[in-house]
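The values are calculated or read from the model by the stated rules, or taken from the named source; none is laboratory data. Treat the numbers as computed from the prediction; the structure is a model and nothing was measured. As a convention, Cβ positions derive from the backbone with ideal geometry for all residues, glycine included, and neighbour counts pool all protein chains shown.
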């Protein structure tokens with residue numbers, strides 16, 4: 001594993017390369033990050049005909065496996081490292097997992113896929129460890145960029161990226177966001193100065209929140225959502241005098 005590669009979960013870190021104190025990633029010890037996740041779909045045979053019906057396929061959850069040695073100057077230090085590992089994500093909740101790799105930083109939200117392994121190879125100085133993580137959302141994210149109304153938005157990932165839109169200003173009657181290919185997202189809730197609206201398109205629907213709280217209702221007859229394909233540039237604008245800000249992360253499969 002490259003010396004430049006690290007995996008971080010909170011304060012815990014596993015480093016690429018070799019060392020004498022801490023968790024290290026073994027050679028070929030990081031799997032599931034560089035290759036895409038699996039594919040799932042229905043297989044429906046064509047009756048009295050060759051082949052299957054052509055139906056969409058979807059990506060499976062991402063499974064990441066990390067293995068390597070853990071070195072320490074004493075048995076007590078290694079015991080402390082073991083407690084760190086077995087305590088990672090122990091409450092069952094998803095946590096942010098950050099991969100520092102030569103191509104840049106990528107991150108996703110992962111949970112434990114199996115219990116961590118921490119087994120002695122050389123008592124008092126070296127253990128072997130393994131951590132398996134499941135990313136229900138198989139996408140990994142990188143650098144996020146911010147674009148304003150009318151500015152072409154893009155990203156450097158290899159999969160369609162969804163955006164987080166922030167609208168500020170004073171529009172008592174609401175406003176409309178105009179997206180690509182004639183799409184519109186109509187907000188009827190009043191926009192008040194100092195209380196920005198946020199629209200998250202990552203859930204497949206546009207969710208409106210004000211001051212960090214989701215708003216029930218407040219949307220018009222059209223709430224189209226869109227994504228930014230890899231290699232494409234997409235423009236969005238907003239009606240009236242409101243200001244529009246769009247955050248778009250590099251998105252990878």
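Summary of values
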{"item": "Per-region count, segment 206-230, residues part of a loop (DSSP other than H, G, I, E, B) and either at pLDDT 90 or above or within 30 Å of residue 35 (Cβ to Cβ) (or both)", "result": "6"}
{"item": "Strands (runs of 3 or more DSSP E) within segment 1-109 that include 3 or more residues over 30 Å from residue 160 (Cβ atoms)", "result": "12-15, 22-24, 62-71"}
{"item": "Failed item in (1) modelled with pLDDT under 90; (2) under 27 Å from the mean Cα position of the chain (by Cα); (3) within 29 Å of residue 126 (Cβ to Cβ); (4) assigned by TED's automatic domain parsing to the domain that holds residue 104, with residue 20 passing the rest", "result": "(2)"}
{"item": "In segment 154-168, residue nearest to the chain's Cα centre (by Cα) [restricted to those that are assigned to a loop (DSSP other than H, G, I, E, B) and either outside the structural domain of residue 235 (by TED's automatic domain parsing) or within 30 Å of residue 193 (Cβ to Cβ) (or both)]", "result": "162"}
{"item": "Where residue 37 falls short, out of the listed (1) farther than 15 Å from residue 138 by Cβ; (2) crowded, with 16+ Cβ neighbours inside 10 Å", "result": "(1)"}
{"item": "Residues being closer than 16 Å to residue 242 by Cα, touching a strand residue (DSSP E or B) at 6+ places or on another chain (Cβ under 7 Å) and loosely packed, with under 13 Cβ neighbours inside 10 Å - total across segment 184-219", "result": "1"}
{"item": "Failed item in (1) farther than 21 Å from residue 8 by Cα; (2) in contact with a helix residue (DSSP H, G or I) (Cβ under 7 Å, 6 or more places away or on another chain); (3) not in a loop (DSSP other than H, G, I, E, B), with residue 129 passing the rest", "result": "(1)"}
{"item": "Scope segment 66-91; condition buried (at least 18 other Cβ atoms within 10 Å of the Cβ) and over 28 Å from the mean Cα position of the chain (by Cα); matching residues", "result": "71, 72, 78"}
{"item": "Checking residue 233 against (1) at pLDDT 95 or above; (2) surrounded by fewer than 17 Cβ atoms within 10 Å (Cβ to Cβ); (3) over 22 Å from the mean Cα position of the chain (by Cα), the condition it does not meet", "result": "(3)"}
{"item": "Qualifying residue in segment 119-126 (condition: assigned to a strand (DSSP E or B), in contact with a helix residue (DSSP H, G or I) (Cβ under 6 Å, 6 or more places away or on another chain) and over 30 Å from residue 238 (Cα atoms))", "result": "no"}
{"item": "Cross-chain or 6+ apart pairs with Cβ under 9 Å, segment 212-223 first and farther than 12 Å from residue 189 by Cα, then loosely packed, with under 14 Cβ neighbours inside 10 Å", "result": "223/205"}
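Each row is one residue, and each column tells you yes or no for (1) in contact with a helix residue (DSSP H, G or I) (Cβ under 9 Å, 6 or more places away or on another chain); (2) at negative phi; (3) at pLDDT below 95; (4) outside the structural domain of residue 16 (by TED's automatic domain parsing).
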{"site": "67", "(1), (2), (3), (4)": "no, yes, no, no"}
{"site": "74", "(1), (2), (3), (4)": "no, yes, yes, no"}
{"site": "77", "(1), (2), (3), (4)": "no, yes, yes, no"}
{"site": "92", "(1), (2), (3), (4)": "no, no, yes, no"}
{"site": "98", "(1), (2), (3), (4)": "no, yes, no, no"}
{"site": "101", "(1), (2), (3), (4)": "no, yes, yes, no"}
